[in-house]
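**Q** What follows is a structure written as C-alpha cells; I'll ask about it next.
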Ligand SMILES: Cc1cc2nc3c(=O)[nH]c(=O)nc-3n(C[C@H](O)[C@H](O)[C@H](O)COP(=O)(O)OP(=O)(O)OC[C@H]3O[C@@H](n4cnc5c(N)ncnc54)[C@H](O)[C@@H]3O)c2cc1C
C-alpha cells in the first residue's frame, strides 16, 4: 500500500550523524515531530553492529569499532557533546590495548592510524546501541517516526515543500529536509539507484542556487574507499594466550605489513556469551578484487585464516585459528569518503530549506565519526537559526 506522510522535518539516513542531529534538534524544538528514513534495519549506519540471527549471543561491530577525537581542546562544541556522552555513560574512554605492528611483526608505541590518534572512546554497549541511546535520550524517541528498510530514490521541491519518494512508492512531505548521507547528491547514485540524474540535481536544477551548485560540484571530486570486513565467529574454546578481560583489543598493521598480509586492522571483541569475536578490516584493492572474482567463497575464507595464522604465528597473545571457524564477509562499497571534503559553508541552503551532515565535510574528523558528530552539531545550530 502506498502512503503519504507529512512531518515538520525529515531526515534521510540513520547513522550517528543523523542521530546526533535529531536528538539536539528535538531537544531545542519541543513541539516538532520528525521522521527518519533509513534503508537499513536499524540505526548506526557505518557505525553499527551485526547481531547474528543464527548464532546466539554474538554482536560484532562490523564498521567502526570505536571512535577517536583527534583534537578536542580547540573545539568547545565537540568537547561539551563528548562530555555529555561520557556523563550519560553512553561512552567511556577506550583504554583497551592497541598494538601497532611493524614489518618485523614487532609492536611499536607510535600510533600509526588515523583511527587511533587523540583520545579514543568506546560505546558502553555495541556501536549500534550508541546511536540508539543518543536518539532515545531525554525521551525523544516518541517524537520520531522511524521508517526502516525504506530507500529514498527521488527528491522533489514542490511549492515550497520537499516530497521524497521511496523505492516502494511511499511519499514523505515536509518543509525542511536533512540529508545525513550524500548518496542522493553523488554520481554513485546513478548506478546504485539506477537513475539517469543525481536526485538532488533533479530536485534543484542548475543555476537555481549557487550553494547547491557548488556543493554538487565539490562532491563530484569526492570518492570513497571500499573495504571488506571479515567477521569471525570463533570456535568454542578460542581465547587469548594471556589473561585479558577488557572489551576489545586492536592490532593495526603498518603499510608494508598491510601490503603483505592484506589486512589493515584486526579487532578482537569480547562477547557477552564469553566467546571471542574477531573482525578484520581490509582496504587492499587486489584482495577486494580477488574476493569479488572468487568463484568459491570458502576458498577465499581459507585464505583469510591462512593469512591470520601467518601474521600471528609467533605472537605472544594471539592464538592461531582453526580452518573451520565461521566467517561472514561484509562488503562496504563506500566505507569512507576520500579526496575533496565539502566546505561547512555549503551545509545549508536557506532558499531550499535543506541541510546536510556526515563525515564528508571538511575538518580534522573528515571520514570519521568525529566529523559526523561535529557536522551534526554545527548543522543543528544553523537549522535553528533558519527556522527561528
Ligand atoms: C569498516 C569501517 C571501519 C571504520 N572505522 C572507523 C573508526 O575506527 N573510527 C572512525 O571514527 N570511523 C570509522 N569509520 C567511519 C565511520 O563509520 C563513519 O565516519 C561514520 O559512521 C559515518 O556516520 P554518518 O552518520 O556520517 O554516515 P552513515 O553511517 O553512512 O549514515 C548514513 C545512513 O544513510 C542511509 N542511507 C543512505 N542513502 C539512503 C537513502 N537513499 N534512503 C534511506 N537511507 C539511506 C545509510 O544506510 C546509512 O545508514 C569506519 C567505517 C567503516 C565502514
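A short reminder: the numbers here are calculations on the coordinates, not readings from a lab. Keep in mind that this is a model prediction, so the values were computed, not measured. Cβ atoms come from the backbone with ideal geometry, glycine included; neighbour counts cover every protein chain shown.
**Q** If R₀ is 56 angstrom, what is the calculated FRET efficiency for the pair residue 142 and residue 289, using the beta carbon separation as r and rounding to 0.05?
**A** Approximately 0.75, to the nearest 0.05.
**Q** Oh, and also: For the range 142-184, how big is the tail of P(r) above 11 Å, as a whole percent of Cα pairs? Don't skip to the end; give the middle numbers.
**A** Working: 630 of 903 pairs.
Tail of P(r) above 11 Å: 70 percent of Cα pairs.
**Q** Can you tell me the 0 to 90 degree angle between the C-alpha axis of helix 210-219 and the longest principal axis of the chain, rounded to 10?
**A** Tilt of helix 210-219: around 20 degrees.
**Q** Let me ask another. Would you work out if the range 60-139 is rounded, prolate or oblate? Take a ≥ b ≥ c from the square roots of the eigenvalues of the alpha-carbon gyration tensor; rounded if a/c is under 1.5, else prolate when a/b is larger than b/c, oblate otherwise. Let's see the in-between values first.
**A** Details: a/c = 2.99, a/b = 1.67, b/c = 1.79.
Since a/c reaches 1.5 but b/c is at least a/b, the shape of the range 60-139 is classed as oblate.
**Q** Follow-up question, since we're still on this one. Pairs of Cα atoms under 8 Å, at least six residues apart: use those to get the relative contact order of the chain, whole percent.
**A** Details: 767 pairs, mean separation 83.4, N = 388.
Answer for the chain is 21 percent.
**Q** Enter the Cα centre distance for the pair the range 133-203 and the range 256-274, rounded to the nearest angstrom.
**A** Between the Cα centre of the range 133-203 and that of the range 256-274, the gap is 35 Å.
**Q** What angle do you read, to the nearest 10 degrees and between 0 and 90, between the alpha-carbon axis of helix 127-136 and the longest principal axis of the chain?
**A** Tilt relative to the chain: about 30 degrees.
**Q** On a 0 to 90° scale, report how tilted helix 369-387 is relative to the longest principal axis of the chain, with both axes built from alpha carbons and the result rounded to the nearest 10.
**A** With both axes taken from Cα atoms, the answer is about 10 degrees.
**Q** While we're on this one: Given 0.36 nm per residue, what is the gain on full extension from residue 302 to residue 51 after removing their alpha carbon distance, in nm? Could the numbers behind the result be given before it?
**A** Values: separation 251, 0.36 × 251 = 90.36 nm, distance 2.33 nm.
Net length gain for the segment: 88.0 nm.
**Q** Tell me whether the range 1-68 comes out rounded, prolate or oblate; compute the Cα gyration tensor, take square roots of the eigenvalues as a ≥ b ≥ c, and use a/c under 1.5 as the rounded threshold.
**A** The shape class here is oblate.
**Q** Could I ask something else about it? Over the C-alpha atoms of the range 96-148, what are the Rg and the largest Cα-to-Cα span, Dmax, in Å?
**A** Rg, Dmax (Cα atoms, Å): 18.0, 55.
**Q** Continuing with the same structure: What order do you get for 167, 133 when you list them from fewest to most C-beta neighbours inside 10 Å?
**A** 167, 133
**Q** Averaging sequence separations of C-alpha pairs under 8 Å and six or more residues apart, then dividing by the length of the range 179-338, give the relative contact order as a whole percent.
**A** Rounded, it is 30 percent for the range 179-338.
**Q** Let me ask something additional. Binning at 5 angstrom from zero up to the longest distance, how are the C-alpha pair distances of the range 1-135 distributed in percent?
**A** Going from the shortest bin to the longest, the percentages are 2, 9, 15, 18, 17, 15, 11, 7, 3, 2, 1, 1, 0.
**Q** Suppose R0 equals 25 Å; then what is the FRET efficiency for residue 314 and residue 243 from their Cβ-Cβ distance, rounded to the nearest 0.05? Kindly include the intermediate steps, with their values, before the conclusion.
**A** On the way: r = 20 Å, r/R0 = 0.78.
So, using R0 = 25 Å, E works out to roughly 0.80.
**Q** What fraction of the Cα pairs in the range 179-275, stated in percent, has a spacing above 21 angstrom?
**A** Details: 2722 of 4656 pairs.
Above the 21 Å cut-off, the range 179-275 has 58 percent of its Cα pairs.
**Q** Using 0.36 nm per residue, how much length does the chain from residue 190 to residue 3 gain when fully extended, once their Cα-Cα distance is taken away?
**A** 64.8 nm
**Q** What value in Å³ per residue do you get for the convex hull of the alpha-carbon atoms in the range 79-236? Mind dumping the intermediate values first?
**A** Values: hull volume 37.7 nm³, N = 158.
So the per-residue hull volume is 239 Å³.
**Q** Another one. Can you give the alpha-carbon Rg of the chain over 2.2 N^0.38 Å, where N counts its residues?
**A** Compared with the compact-globule rule of thumb, the chain sits at 1.01.
**Q** Compute the Rg to Rh ratio over the range 325-368 from the alpha carbon atoms, using the Kirkwood formula for Rh, and round to two decimal places.
**A** Numbers: Rg = 15.4 Å, Rh = 12.8 Å.
Dividing the radius of gyration by the Kirkwood radius yields 1.21.
**Q** Further question: Would you mind calculating the relative contact order of the range 319-388 from Cα pairs under 8 angstrom and at least 6 residues apart, reporting the percent as a whole number?
**A** It comes to 24 percent, rounded to a whole number.
**Q** If you don't mind, there's one more thing I want to ask. Determine one quarter of the surface area of the Cα convex hull of the range 249-388, which equals its mean projected area, and express it in nm² to one decimal.
**A** Answer in nm², one decimal: 12.4.
**Q** If one computes the Cα centroid of the range 227-241 and of the range 26-53, what distance in Å separates the two points?
**A** About 28 Å separates the Cα centre of the range 227-241 from the one of the range 26-53.
**Q** Between residue 387 and residue 340, take the C-beta separation as r, use R0 = 30 Å, and let me know the FRET efficiency to the nearest 0.05.
**A** 0.50
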